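Derivation of every value follows stated rules applied to the coordinates shown; laboratory data play no part. Quick caveat, the model's predicted, so the values are computed rather than measured. Positions of Cβ are backbone-derived with ideal geometry, glycine not excepted, and every protein chain shown enters the neighbour counts.
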Amino acid sequence: MRTLEYFYEHSLTKHAFLPRKVDITLASKILLTGPKFCGKYSIMQSFLQAHFNQKELLFINFDDVRSQSIAYDEIEPFIEKNSIKAVVLYGIEKPFSLPNAPYLIIISHNNVEIDGFVHYHLSNLDFEEYLLFEKRADIKVIFNNFLKNGNYPELSKIADFKKDRYFQELLFLTFKEDFQIFKEIAFYQGYTTSIFFLFNRIKERHKISKDRFYALFESWQRDRYIYAVEKFNAKRAAKKLFFQDFTIKSRLFTQKEFPKIFENMVFLEIADKEVFYIEPLGFYIPSEELLILSIPFGNEARIQEKIDHVLTKNHIAIKKIEVVTVGSSFTYYIKDIQCEILPFYAWAVGKE
């Protein structure tokens, strides 16, 4: 039980963590899911500091190689011996009989459901959360850094010359032997495509079966590393690909397609809603009859031309149009429909 003793003694850190939007409430069974390195450890440590002391808590980190020597049948006796109130199983992958404790918390990198557990999901930082990570007063400077750094919490603290390599290392640790497959898919950020097309392109350069590729792609969608967004009213049409970090393609390839990076950044701010893409550009949220257009650059006349073009191509119910830009800001009406044009930093902070 020496390994369990080690984790028991190091279960609670004294470090202060920045708050996130996910607000965890004390319950007897809690499940926290999210992609690797999105901040699950930090948010859980903040929660534990507020509710338990060191002696009441056993936090086992299964991502730590030292956990490999733990025998699962030792956990229950250890809990009883030390009168532990809360057990946290972090990064657990292999299923086993869950221990009994007044409070049981499971933290998984996979977006799973477990009966009887209150489920919370955490993603990478949105822009409002990123504001807390930047100790600057000028929101425009923060926005420029967000564009440059991406939304992994740790990257904002890394020196600029190390960031690309650090980002790649995070992906290596996440996808391991499948990193090259994921990298190939990331090339199509912001493009409309199909899983069949992706498989046929990737199998030319990598030895992988169709079944394995499809299973990987579906698991990466489930765990929200990849978003394959449907076209509105066209379920069988090609999907538009976005990723959990909008800087991904520019960090893995020399090509940098800013409009697609920006569009991915806009999408992530609304990814928790039922959202569809429309042609030639834009996102549509049917439940709100809201059209959101990503148009990073352009004067008023050019932006209005693009809005008119989208409306000509699509006959959908619209109550409001929001256009997200890098710096433009103005408002006008098309009949009774408000068209609000805002810089990303104002739109992301002001949205509901």
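Mind putting together the pair-distance distribution for the chain? All Cα pairs, 20 Å bins, whole percent per bin, short to long.
In order of increasing distance, the bins hold 26, 53, 20, 1 percent.
Which whole number in µm²/s is D for the range 127-275 by Stokes-Einstein, with the Kirkwood Rh taken over Cα pairs at 25 °C and 0.890 mPa s?
149
Tell me, what are the semi-axes, in whole angstrom and largest first, of the equivalent ellipsoid of the range 278-352 as set by the roots of 5 times the Cα gyration tensor eigenvalues?
Values: eigenvalues 60, 43, 26 Å².
After scaling each eigenvalue by five and taking roots: 17, 15, 11 Å.
Compute, for the chain, the length of the dipole vector about the Cα centre, with Cβ point charges of +1 (Lys, Arg) and -1 (Asp, Glu) only. Units Debye, rounded to 20.
The calculation lands at about 900 debye.
What is the order of HIS309, HIS109, fewest Cβ neighbours within 10 Å to most?
Going from least to most buried by this count: HIS309, HIS109.
Report the relative contact order of the range 1-75, percent, no decimals, based on alpha-carbon pairs under 8 angstrom and at least 6 residues apart.
Relative contact order of the range 1-75: 55 percent.
Write down Rg/Rh for the range 217-284, rounded to two decimals, with Rg from the C-alpha atoms and Rh from the Kirkwood relation over Cα pairs.
Using Cα coordinates only, the ratio equals 0.96.
So for the range 278-352, averaging the separation of alpha carbon pairs under 8 Å that are six or more residues apart and normalising by length, what relative contact order in percent results?
Once divided by the residue count of the range 278-352, the mean separation gives 28 percent.
Tell me, how many Å apart are the Cα centres for the range 174-191 and for the range 195-272?
Comparing the Cα centres of the range 174-191 and the range 195-272, I get a distance of 8 Å.
With a cut-off of 8 Å between alpha carbons and a minimum separation of six or more residues, what is the relative contact order of the chain in percent?
Reported as a whole number, the value is 13 percent.
Exposure proxy check: SER328, SER11 ranked by fewest other beta carbons within 10 Å?
By the 10 Å Cβ count, ascending: SER328, SER11.
Tell me which residues come under 5 Å, amide H to amide H, from SER108 once H is placed; ignore anything under 5 positions away on its chain.
The answer is LEU32, THR33, GLY34, GLY91.
Using alpha-carbon positions, what is the distance between the centroids of the range 93-146 and the range 15-75, in Å?
Taking the Cα centre of the range 15-75 as reference, the centre of the range 93-146 is 11 Å away.
Cα atoms only: what Rg and Dmax, in Å, come out for the range 13-131?
14.2, 45
If the limit is 32 Å between Cα atoms, which of LYS235/LYS351; LYS157/LYS320; LYS36/LYS210 go over it?
Too far apart for the 32 Å limit: LYS157/LYS320.
Just from its helices, what would the mean residue ellipticity at 222 nm be for the chain, if runs of 4 or more DSSP H residues each count -39500 (n - 2.57) and the sum is divided by every residue, rounded to the nearest 500 deg cm²/dmol?
-10500 deg cm²/dmol
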